[in-house]
Each structure stands twice: as structure tokens, then as C-alpha cells.
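One structure is given below, encoded as C-alpha cells.
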Amino acid sequence: MASMAILMMLLLSTELVSGKVVQFIFGDSLSDVGNNNHLTRSLARANLPWYGIDFGNGLPNGRYCNGRTVADIIGDETGLPRPPAFLDDSLSEDVILVKGVNFASGGGGILNDTGSLFVQRFCFYKQIELFQGTQELIQRKIGKAAADKFFKEARYVVALGSNDFINNFLLPIYKDSWKYSDSGFINYLMSTLENQLKLLHSLGARQLIVFGLGPMGCIPLQRILSSSGDCQDRTNKLALGFNKAASKLLDNLSKTLPNANYKFGDAYDVVGNVIDNPHQYGFNNSDSPCCSFGQIRPALTCIPVSTLCTDRSKYVFWDEYHPSDKANEIIANEIIRKLGFLRPNATNAPSPSPADAPSSD
């Protein structure tokens with residue numbers, strides 16, 4: 001009987017890792033699916049109505065959106081399962097082997113100091129540390145050789161950088177705002193990001209995409225800083241500078257790191273076009289949030305007494321920071337188009353629409 005039990009465990013482990021490709025996601029609030037909701041002292045949590053109103057049962061699920069994130073949609077369209085948050089109560093070794101893990105944390109950045117005003121959040125280095133712990137769990141579960149194969153076949157998403165500007169460099173309370181020039185700060189970010197991506201490579205990351213930044217100066221939170229309500233030109237130039245440098249970095253890493261297929265997902269132009277010409281994409285508002293607190297701006301996050309726009313599909317922005325589900329879909333489809341993603345799990349069909357998807361994903 002004991003030998004039969006051991007055989008069954010081996011067969012189960014083999015089934016879990018045989019050709020199953022999962023995602024490991026590192027990011028900020030644009031990709032967080034619930035980690036910050038478990039950080040009790042964090043000031044950046046999407047745990048209030050009306051977050052998640054168009055996803056699953058309509059209750060807050062940790063996404064800073066009315067529906068799906070860009071990573072959700074790309075995974076759905078390419079046949080990859082939606083990884084649960086690292087701090088999700090249901091996370092286990094078996095779940096990791098089937099779905100992967102999402103380490104993204106609202107307020108997090110490439111730099112350790114970024115987002116410190118939110119008190120609790122996972123910076124990129126902390127997320128990588130949590131990933132290392134995850135690897136150790138899987139190695140103990142299925143053995144080092146099988147674990148190495150599993151992690152090398154996985155897909156990796158890195159979606160960070162906007163907080164390093166919005167909640168660091170552009171705020172005078174941070175020393176980086178007076179320590180660096182605009183170009184100097186971007187160089188600092190790139191040197192840090194290079195070390196982080198090399199560390200991920202040493203941990204097995206071979207198929208990796210870094211999401212670029214959109215027109216950050218056009219988010220409602222930035223527009224409100226201008227008496228005219230226009231986009232902040234300097235902030236947008238910082239995003240463009242980041243994208244140019246990051247694209248070059250990813251190209252160099254792909255050429256120099258063994259077996260690395262590192263890509264840069266840039267949707268800046270299409271998002272800019274959506275903002276400039278919203279009606280061409282079915283929107284009627286691209287400068288203010290759907291979820292707002294009347295004339296009190298910025299309200300920063302949705303709260304239970306916030307007022308929702310009449311038609312959420314007509315707004316580019318969900319709140320002061322984050323795009324709506326429909327806008328995220330446009331961004332995701334642009335990245336898929338540019339990078340020509342294929343479906344690694346051939347038998348997987350796309351996940352359900354946000355209205356039908358289970359809220360626990």
C-alpha cells in the first residue's frame with residue numbers, strides 16, 4: 001500500500017508539471033489581484049466598493065479596476081491561467097503548479113523607496129524574494145530537476161515603473177526628486193531594473209515581458225494638477241524616456257543572457273490615441289474617472305459614497321490612477337498584436353468574460 005501511495009504521488013506530480021505553462025507576475029496596482037488587500041496597514045488597497053463591480057460577483061477582489069487587468073486579458077487570450085495573489089488564502093504548492101503566482105502590489109516600484117507613503121507594499125526586490133521562497137516550496141514538492149524545468153518553461157510578466165515617477169520622483173518629499181535630473185533618474189531605474197531582471201534570469205526566467213508605461217501625464221490625477229486640465233507634458237516625456245531605455249535594455253539582455261527571450265510590451269501610442277480620440281474607440285470620456293467623489297478631486301480611490309458614471313464602458317479611466325476594463329482590453333490587445341503571442345497551453349480556451357469569471361481567480 002505504501003508503494004502504491006508513493007506511485008500515485010509521483011504520477012500526480014508528473015501530471016502537474018507535464019507541459020503546463022503558468023505565469024509569474026511582478027507589478028504594481030495595474031496588475032495586483034489582491035496582495036495589498038492582505039496588507040492590513042497598507043494605504044493602497046482595492047477593498048472597497050466599487051472595485052470589481054464588473055468582475056465575477058461584483059465584489060472587490062483586489063483589482064484596482066471595475067474588471068480585468070491587462071495581465072488578466074493577455075493571459076486569457078493566450079491560454080494561460082490567471083495566477084492568484086501570493087497572499088491569497090487558497091495558495092498552495094498544487095495551485096502554484098497549475099496557475100502560477102501573482103506577486104504584484106499596489107504602490108510598489110522598481111526602487112525600494114517608491115510608494116513608501118502607502119506604508120505597506122511589495123517593491124520589486126521584495127517580490128523577487130517572495131518568488132525565491134515559492135521556488136523552494138516547489139522544489140520540495142516535486143524535486144529540483146522537475147522544478148527547474150517548470151520555472152524555465154513558465155512565462156514572466158514585469159509591469160512596474162509608473163509609481164517610481166508618480167509616487168517617488170515627481171513628489172518633492174522624496175530625495176530622488178532633487179537628487180537626479182530626469183535623464184539621470186531614468187538611468188538609475190534602468191541600472192536597478194537590469195540587476196533585477198538578471199536576478200530573475202538566474203532563478204530560471206527565460207520567457208519574460210516587461211510592460212511599458214502609458215501616457216502617465218494624462219491620468220486624471222495628473223490632469224488635476226493643471227489649471228487647464230491638460231496632460232502633464234513632462235510626465236509623459238518621462239514615460240517615453242523610460243520606454244525607450246527599457247526597450248533597449250530588454251533587447252540587450254535577450255542577446256547576452258543564455259536562452260533569454262525578453263520582450264518589451266509598448267502600448268504608449270495606442271493609449272495616447274485613445275485619450276486623444278476617444279470616440280474612435282467607443283469612449284466618450286478620456287480625462288476624468290468613472291468612479292469619483294463629485295467635485296472633490298482628487299479622491300484618489302473609489303469609496304462606497306463615490307458616484308459612478310452612467311456607462312462604465314464609455315470611460316477610459318476607472319479612477320484617478322487606473323484604466324477601465326475596456327481600456328485595459330485595448331492595451332492588452334495592442335501588446336498581443338505587437339509581440340505576436342501564441343497560446344502555450346494548446347488545449348486552453350480563453351477565460352470567461354469578467355462578468356462570468358469566478359471571483360477567486
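The values are calculated or read from the model by the stated rules, or taken from the named source; none is laboratory data. All of these numbers come straight from a predicted model, not from anything done at the bench. Because the Cβ atoms are built from the backbone with ideal geometry, glycine has one as well, and the counts that use them run over all protein chains shown.
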Practice item. Please specify each residue of region 90-133 satisfying the condition of being over 19 Å from Asp28 (Cβ atoms) and in contact (Cβ under 8 Å) with a residue 12 or more places away in the chain. Key: Ser90, Glu93, Asp94, Ile96, Leu97, Val98, Lys99, Gln132
Review point. Between residues in region 27-39 that are part of a loop (DSSP other than H, G, I, E, B) and residues that are at pLDDT 95 or above and of a type in the set (Val, Ile, Thr), which pairs lie under 6 Å by C-beta distance while being six or more apart or on different chains?
Key: Ser31/Ile25; Ser31/Thr69
Exercise for review: Tell me, yes or no, whether region 62-73 has at least one residue that is outside any loop (DSSP other than H, G, I, E, B) and at pLDDT below 95.
Suggested key: no
**Study point:** Search result, residues across region 54-69 that are in contact with a strand residue (DSSP E or B) (Cβ under 8 Å, 6 or more places away or on another chain), of a type outside the set (S, T, N, Q) and touching a residue at least 60 places away in the same chain (Cβ under 8 Å)
**Key:** Cys65
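Residue-wise test of (1) at pLDDT 95 or above; (2) touching a helix residue (DSSP H, G or I) at 6+ places or on another chain (Cβ under 9 Å); (3) of a type in the set (Phe, Trp, Tyr).
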| residue | (1), (2), (3) |
| --- | --- |
| Pro323 | yes, yes, no |
| Glu329 | yes, yes, no |
| Ile336 | no, yes, no |
| Phe341 | no, yes, yes |
| Asn345 | no, no, no |
| Pro350 | no, yes, no |
| Ala355 | no, no, no |
| Pro358 | no, no, no |
| Asp361 | no, yes, no |
Point to revise | Subset of region 246-287 (residues that are surrounded by fewer than 17 Cβ atoms within 10 Å (Cβ to Cβ) and either closer than 21 Å to Ile209 by Cβ or of a type in the set (Lys, Arg) (or both)) | key: Ser247, Lys248, Asp251, Asn252, Ser254, Lys255, Thr256, Pro258, Asn259, Asn261, Asp269
Check your understanding: Out of all the residues in region 191-223, which are buried (at least 18 other Cβ atoms within 10 Å of the Cβ) and free of Cβ contacts under 8 Å to residues at least 24 places away in the same chain?
Key -> Gly217
Practice item. Answer yes or no: is there a residue in region 87-103 that is under 23 Å from Gly214 (Cα atoms), crowded, with 21+ Cβ neighbours inside 10 Å and either out of contact with any strand residue (DSSP E or B) (no Cβ under 8 Å at 6 or more places or on another chain) or not aliphatic (A, V, I, L, M) (or both). Key: yes
Exercise for review: May I ask you to verify whether Ile138 is crowded, with 16+ Cβ neighbours inside 10 Å, assigned to a helix (DSSP H, G or I), touching a residue at least 24 places away in the same chain (Cβ under 8 Å) and in contact with a helix residue (DSSP H, G or I) (Cβ under 9 Å, 6 or more places away or on another chain)?
Suggested key: yes
**Study point:** Residues satisfying the stated conditions in region 26-52, i.e. more than 22 Å from Ile166 (Cα to Cα) and crowded, with 23+ Cβ neighbours inside 10 Å
**Key:** Gly52
